[in-house]
Amino acid sequence: MAERDPDRLVVAFARLARRLGLEVPVGATVTLGQAWAAVGLGSRDACYWAGRVVLLRRPEDVGLYDQAFRAFWDGERAEPDEVERPVAVTVGLDLPDDAAVARDEPAETEDVTLRVRWSPAEQLRTRDFATCSRAELDEAHRLIADLRLVSAQRRSRRHRPTRRARGRPDLRRTVRRSLRADGEPIRRAFTRPSERPRPVVLLCDVSGSMEPYARAFVRFLHTAVVGGARVEAFALGTRLTRLTRELSSRDPDEALAAAARRVTDWSGGTRLGEGLRAFNDRWGVRGLARGATVVILSDGWDRGDPDLLAGEMRRLRRVAHRVVWVNPLKASADYAPLARGMAAALPHVDEFVTGHSVAALDDLVAVLAR
């Protein structure tokens, strides 16, 4: 074995191993030749272990390698039919029709069929509301009803008892404890500022340009209002309409029907500037938006004066904690805020997010919880 050309031996061994079913790339053949040249062809054990280190990638290939090495080094007879035939694996959807076909297959087949399942709800979570069918929209509305809006916390002026020995002294609890020690304030009590949910104000555009998304957004408003958080809901169109009372019903169909009766300018024009001015004058600046997270759900198409919209957004930004703008058109890859209303409002927005799908609304919930 040592008298023959080492390169020819390596190539012959690699060809034999491939014929028996072992995967031997060209690079591994070159590395094997270098390894055998380093250990020398005079030692059978050294060549065996050098080739095993170089060629094996999986524990299942040990048998194939041993068979190839014995056939090459010791001259044992090895045929490819001695190698176990690989089992064909077929992957298919687990549908009722496929299940019936699988039962009719002959029992003696050795092939394996893997049945995988897919979830329409998971696919629907990322689908744009504008491309959904009526049945898919109904299912999306049910998924929206499962969302839970949790607003961010803020410090309150009220204090609550704490077990830590720091903070503001609680005189009443300290005196009460001192009665157990003959009036000596041995165990002092303290209080710390408490936290409460930050108010959330939702302003939903219900104009004609928002028709593919308005009903899903109103469903989201209903979920937020009945979720227990401090949420106020309004509809923006040619006028401003407060919908908090109408959406407070636990029955979503009844709440949406009441909201539809309340909103007289559904699928009409859009005057975002005038609507925001009405909100700031009557509710926002007076206290409803102070320290609150204000969410505007609109595509930014406005028939009014963009300067008026920019001015009202500036007023709203001064009193609100954060202003979040939800634009479903932002999900498009080639979207640019070229609409006059969107361009005027964007400099006064803290968060600019999409809301075109259930997953996007779920991300919005996470943004509001920060």
> Taking region 252-299 only, how many residues are without any contact (Cβ under 8 Å) to a residue 40 or more places away in the chain, more than 17 Å from R314 (Cβ to Cβ), touching a helix residue (DSSP H, G or I) at 6+ places or on another chain (Cβ under 6 Å) and surrounded by 20 or more Cβ atoms within 10 Å (Cβ to Cβ)?
Replying inline: 1
> How about region 205-226: which of its residues are charged (D, E, K, R), under 13 Å from G268 (Cα atoms) and either crowded, with 23+ Cβ neighbours inside 10 Å or touching a His at 6+ places or on another chain (Cβ under 7 Å) (or both)?
Replying inline: D205
>> Going through G42, G75 one at a time, which residue ends up being within 15 Å of A12 (Cβ to Cβ) and not in a helix (DSSP H, G or I)?
In response: G75
> Considering region 49-63 alone, what residues qualify as being free of Cβ contacts under 8 Å to residues at least 24 places away in the same chain and either in contact with a helix residue (DSSP H, G or I) (Cβ under 9 Å, 6 or more places away or on another chain) or not in a helix (DSSP H, G or I) (or both)?
Replying inline: W49, A50, R52, V53, L56, R58, V62
>> Can you confirm whether A233 is closer than 20 Å to V150 by Cβ, open to solvent by less than 30 Å² (accessible area, probe 1.4 Å) and modelled with pLDDT under 90?
In response: no
> Any residue at all in region 93-103 that is open to solvent by less than 90 Å² (accessible area, probe 1.4 Å) and at pLDDT 60 or above?
Replying inline: no
> touching a residue at least 24 places away in the same chain (Cβ under 8 Å) and assigned to a loop (DSSP other than H, G, I, E, B): does that describe V150?
Replying inline: yes
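The values are calculated or read from the model by the stated rules, or taken from the named source; none is laboratory data. Owing to the predicted nature of the structure, the values given are computational and were not obtained by experimental measurement. Please note: Cβ atoms are built from the backbone with ideal geometry, for glycine as well, and neighbour counts cover all protein chains shown. Remember, those area values only see protein heavy atoms, side chains included, never the ligands or the DNA or RNA. Shrake-Rupley method; radii C 1.70, N 1.55, O 1.52, S 1.80 Å.
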